[in-house]
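Below is one structure, written out as structure tokens; comments come after it.
We did not get these values from a lab; they are worked out from the coordinates using the rules stated. Note that the structure is predicted; figures quoted are calculated from it, not measured. All Cβ positions, glycine included, derive from the backbone under ideal geometry; neighbour counts span all protein chains shown.
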Amino acid sequence: MLASASWAAVAQAEQGCPDGQAPIGRQPGPICVPQPGYGVGGPSPIQQQPNVRQPRWLDRWGAIAIDGVAQKMGTAADKSSSRDAKNAALKDCQTRGGSAQECKKTLLVYRNGCAAVALGADFVATSSAGSIEEASERAQKDCNANSTNCEVLYTPCSFAVLVD
């Protein structure tokens, strides 16, 4: 007798709603709405989703230092900071025979991308961009606007590194 009484209560509570739905409102016109999470085996849209870890990237820096008088160039790539890249390029320029003063005059520091150096008859152009092609095009255009016989000679890249 107890089993039949509780079965009657369930049947009355559903009030004609299909499985996975429950009535809301009062008679004579309750409406059926979906029960959160019913039949999907996972969290309902209402329940909070677990946090998904986002990938973590570390910036990478590069630099180019040029002594136009002595025609010496120093470079650095894949450094963890702009300061490290700049200092390494300046040191490299001086190690190759450039003067400290002149190496600082043409100094390009770039992050998570590429650089290009174009050399003309009497002008050096540098540029940075997201790709070698774009950096080269910009350096070539700048050089052509200021000199003749321009040619892109150097195109390094330093891209961000995925750590997670």
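Tabulated data
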{"quantity": "The range 55-164, dipole about Cα centre (Lys/Arg Cβ +1, Asp/Glu Cβ -1), debye to the nearest 20", "calculated": "400 debye"}
{"quantity": "Cβ-Cβ FRET estimate between ILE132 and VAL69, R0 fixed at 30 Å, reported to 0.05", "calculated": "0.60"}
{"quantity": "Relative contact order for the range 64-109, counting Cα pairs under 8 Å that sit 6 or more residues apart, in percent", "calculated": "51 percent"}
{"quantity": "Computed FRET value (nearest 0.05) for LYS104 with ARG56, which takes r as the C-beta separation and R₀ as 41 Å", "calculated": "0.75"}
{"quantity": "Dipole magnitude of the range 49-114, debye to nearest 20 (Cβ charges: Lys/Arg +1, Asp/Glu -1, about Cα centre)", "calculated": "180 debye"}
